[in-house]
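Beneath this line is the structure, given in structure tokens, with notes to follow.
The values are calculated or read from the model by the stated rules, or taken from the named source; none is laboratory data. Please read these numbers as outputs of a predicted model, since none were measured by experiment. Here the Cβ positions follow ideal geometry from the backbone for every residue, glycine too, while neighbour counts run over all protein chains shown.
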Amino acid sequence: MQRWVTTLTDMTETHVDVQASYPPPPEFSAQANATEALYDEAAEDRLGFWAAQAERLAWDTPFTEVLDWSEAPVAKWFVGGKLNVAYNCVDRHVEAGNGDRVAIHWEGEPVGDARDITYAQLKDEVCQAANTLTELGLTKGDRVAIYMPMVPEAIIAMLACARLGAMHSVVFAGFSASALKARIEDAEAKLVITTDGQFRRGKAAPLKAGVDEAIEALGDSSPVEHVLVVQRTGIEVPWTEGRDTWWHETVPNASTEHTPEAFDSEHPLFLLYTSGTTGKPKGIMHTSGGYLTQASYTHHYVFDIKPESDVYWCTADIGWVTGHTYIVYGPLSNGVTQVVYEGTPASPDEHRHFQVIEKYGVTVYYTAPTVVRTFMKWGRELAFEHDLSSLRLLGSVGEPINPEAWRWYRLVFGGDKTPVVDTWWQTETGGIMISPLPGVTHCKPGSAMRALPGISAKIVDDDGNELAPGTDHGEQASGYLVLDQPWPAMLRGIWGDPERFKETYWSRFAQQGWYFAGDGARYGKDGEIWVLGRIDDVMNVSGHRISTAEVESALVGHSGVAEAAVVGATDEHTGQGICAFVILKSHAKETSREQMVDELRAEVAREISPIAKPREIHVVPELPKTRSGKIMRRLLRDVAEGRELGDTSTLVDPSVFEAIRASK
Ligand code: PRX
């Protein structure tokens with residue numbers, strides 16, 4: 001505790017100099033995996049650089065070509081190579097003599113409910129699960145929906161799919177039955193793996209029941225042949241004989257022997273659904289060799305991983321891409337020891353994360369800005385009751401981290417000495433793209449700094465001209481963040497919708513052949529990148545990606561709603577908050593506003609997830625529209641954020657705002 005005393009009194013928290021730069025501590029640089037030379041190597045021969053990174057993996061058949069971009073925008077990486085992803089994440093560490101190393105320190109939500117799993121045990125369980133899935137009729141290319149909380153079996157299930165060459169589609173367990181149904185249907189999943197229930201803040205909530213509801217809603221067209229159920233909470237579950245199977249009655253009885261088959265580098269690995277600008281979620285498709293190479297490479301260098309000594313903890317959920325790449329594939333391919341925690345930061349109280357860090361001696365901690373801001377709200381005193389001196393590196397992901405939160409994170413978690421890496425990437429990019437290298441980069445709080453070695457990113461204007469670096473005076477204009485070179489972990493498409501893939505990512509700068517990420521950004525005075533957030537109709541609430549169209553469609557699903565418009569407004573704690581404007585049908589006007597708002601929030605939770613519940617719902621008589629009938633969200637955002645209205649000249653009826661304002 002002593003170590004903070006001086007720094008604390010020196011801190012002026014209200015003033016943060018955003019241009020202040022934090023060099024890496026010399027002792028960190030001295031032992032760091034990455035040096036400045038990595039940038040030079042990559043710049044000299046980009047493809048040769050990636051070929052070298054691919055050698056981090058064990059290939060059954062070597063690749064003959066690094067990149068085939070002839071069918072752009074669908075890339076082929078490490079052409080001709082064959083490998084098994086699960087073998088790379090598990091077996092090879094056992095074969096290298098590290099079977100006794102703990103792969104996962106699993107910490108359940110109920111205090112005291114913990115389990116350590118070594119790499120040897122993980123290998124046995126993955127093989128048993130793979131054998132069980134084979135028994136259930138699964139073969140390569142099939143799709144499996146995984147709808148589970150953060151239990152070890154969720155990771156084992158993902159690896160078992162990878163081992164068999166089946167694609168997993170993990171659906172966040174906080175999503176509703178209706179969201180699960182849409183994902184099962186789109187992917188035509190043959191198997192669903194779930195748990196009876198999940199612990200949430202001390203209570204067991206049903207989960208399997210949601211699977212039944214989803215399958216029932218699919219009716220005769222349901223593709224699901226089996227449901228494999230892990231017993232987590234012991235609560236009662238609905239059961240369909242012949243279709244449903246208990247994990248504990250099958251998996252532990254299966255053989256621990258399983259020979260992994262090597263699959264083509266471009267064999268599909270997983271689908272992960274994410275929100276786009278329409279109501280229908282997109283099944284982002286990732287493949288094997290390129291994805292695993294980038295997962296392993298970025299995890300090694302960005303988190304400076306030393307598998308023999310580090311205890312790494314990424315607090316994400318496997319329902320999101322961060323959980324895929326930086327809980328499952330990155331860390332396990334690197335053979336590190338990691339903590340996996342089932343619950344929320346406040347279970348049973350706000351000390352939980354600090355206790356977990358102390359208990360396992362966590363050295364690298366990777367979380368989201370919204371979690372940091374929550375800790376800020378709770379106050380630094382909490383942290384001071386714990387010994388956090390094991391931490392040597394901190395990471396952030398999911399949304400722009402405000403400079404205050406960055407400084408607070410470094411000070412309170414990191415004793416004002418650990419590097420903080422702000423990592424920018426997306427479900428679509430598969431792995432980290434823009435981030436400091438912790439032993440090299442002089443970090444500016446709130447900036448993701450520059451593209452990693454081997455990655456190329458630019459900020460451009462409407463016509464594709466690159467913006468100039470910022471100056472000392474005044475703000476630099478913002479532009480579009482683009483990726484102008486293919487990268488190994490890039491998405492290979494949207495499941496079943498090649499047109500949407502091209503349209504969404506490759507049409508904005510089609511002439512140049514660049515990927516447009518959907519984010520706005522600007523350069524700082526040293527040419528570093530400041531990501532500003534989405535500039536399309538995608539919101540970012542506590543690091544969760546939610547589209548305005550999805551929430552609108554849930555709202556108009558209520559019988560009382562005639563029309564709805566949703567915008568994301570800046571929120572101090574969650575990054576953005578969801579603000580909805582609804583027009584009611586005449587029959588609904590008799591219901592009191594409070595009741596209506598309650599019903600609508602419940603409707604959104606039912607249709608999508610409680611995380612998508614609007615922060616505010618305003619009942620309005622009209623929505624601002626252009627002559628072509630398009631809702632002017634920009635103006636609604638002005639209203640939601642209490643600003644003067646921007647240009648209203650294209651509106652049919654500018655006076656609608658009097659009424660909208662009156663409703664707030
Ligand atoms: O807007 C960017 C924001 O999150 C979006 C991607 O969301 P998702 O696919 O759910 O993946 C989140 C985890 C990788 C991006 O388009 N975003 C992510 N990381 C950052 C960020 N914005 C600013 N800074 C970041 N470090």
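Tabulated data
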read-out	value
Conditions (1) part of a helix (DSSP H, G or I); (2) modelled with pLDDT under 95: number failed by residue 501	(2)
Matching option when the condition is within 23 Å of residue 339 (Cβ to Cβ) and surrounded by 24 or more Cβ atoms within 10 Å (Cβ to Cβ), among 154, 166	154
Residue satisfying condition, being part of a loop (DSSP other than H, G, I, E, B) and closer than 27 Å to residue 289 by Cα, within set 527, 470, 464, 513	513
Test result for residue 610, modelled with pLDDT of 90 or more and over 19 Å from residue 641 (Cβ atoms)	yes
Residue match in the stretch 594-602 (condition: under 27 Å from the mean Cα position of the chain (by Cα), over 22 Å from residue 570 (Cα atoms) and surrounded by fewer than 16 Cβ atoms within 10 Å (Cβ to Cβ))	yes
Qualifying positions in the stretch 533-568 - farther than 20 Å from residue 274 by Cα and either in contact with a Ser or Thr (Cβ under 7 Å, 6 or more places away or on another chain) or within 16 Å of the ligand (Cβ to nearest atom) (or both)	560
Flag if residue 605 is surrounded by fewer than 17 Cβ atoms within 10 Å (Cβ to Cβ), among the aliphatic types (A, V, I, L, M) and under 23 Å from the mean Cα position of the chain (by Cα)	yes
Some residue of the stretch 505-526 being more than 16 Å from the ligand (Cβ to nearest atom) and free of Cβ contacts under 8 Å to residues at least 40 places away in the same chain	yes
Yes/no for residue 289 being under 23 Å from residue 150 (Cα atoms) and crowded, with 18+ Cβ neighbours inside 10 Å	no
Meets criteria (in contact with a strand residue (DSSP E or B) (Cβ under 9 Å, 6 or more places away or on another chain), under 30 Å from residue 401 (Cα atoms) and among the hydrophobic types (A, V, I, L, M, F, W, C)) for residue 567	yes
Qualifying position, being over 27 Å from residue 155 (Cα atoms), surrounded by 12 or more Cβ atoms within 10 Å (Cβ to Cβ) and of a type in the set (Gly, Ala, Ser), among 34, 30	34
Candidate set from the stretch 432-446 (those that are more than 9 Å from the ligand (Cβ to nearest atom) and under 18 Å from residue 367 (Cβ atoms)); member that is surrounded by the fewest Cβ atoms within 10 Å (Cβ to Cβ)	445
Unmet requirement for residue 468, which otherwise passes all of (1) under 22 Å from residue 398 (Cα atoms); (2) surrounded by fewer than 23 Cβ atoms within 10 Å (Cβ to Cβ)	(1)
Checking residue 258 against (1) out of contact with any Cys (no Cβ under 6 Å at 6 or more places or on another chain); (2) surrounded by 21 or more Cβ atoms within 10 Å (Cβ to Cβ); (3) in the same structural domain as residue 77 (by TED's automatic domain parsing); (4) in contact (Cβ under 8 Å) with a residue 40 or more places away in the chain, the condition it does not meet	(1)
Residue within the stretch 476-486 that is modelled with pLDDT under 95, more than 16 Å from the ligand (Cβ to nearest atom) and surrounded by fewer than 20 Cβ atoms within 10 Å (Cβ to Cβ) present	yes
Single residue of the stretch 285-307 satisfying the filter (touching a Phe, Trp or Tyr at 6+ places or on another chain (Cβ under 7 Å) and hydrophobic (A, V, I, L, M, F, W, C)) that is farthest from residue 546 (Cα to Cα)	305
Complete set of residues in the stretch 236-255 that are without any contact (Cβ under 8 Å) to a residue 40 or more places away in the chain and buried (at least 17 other Cβ atoms within 10 Å of the Cβ)	244
Matching residues in the stretch 143-168 - criterion: being touching a helix residue (DSSP H, G or I) at 6+ places or on another chain (Cβ under 8 Å), more than 20 Å from residue 314 (Cα to Cα) and not in a helix (DSSP H, G or I)	143, 144, 145, 166, 167, 168
Those strands (runs of 3 or more DSSP E) lying entirely in the stretch 298-402 with at least 1 residues away from the ligand (no atom under 16 Å from the Cβ) and within 29 Å of residue 273 (Cβ to Cβ)	311-314, 337-341, 364-367
Per-region count, the stretch 408-430, residues over 19 Å from residue 26 (Cα atoms) and more than 9 Å from the ligand (Cβ to nearest atom)	5
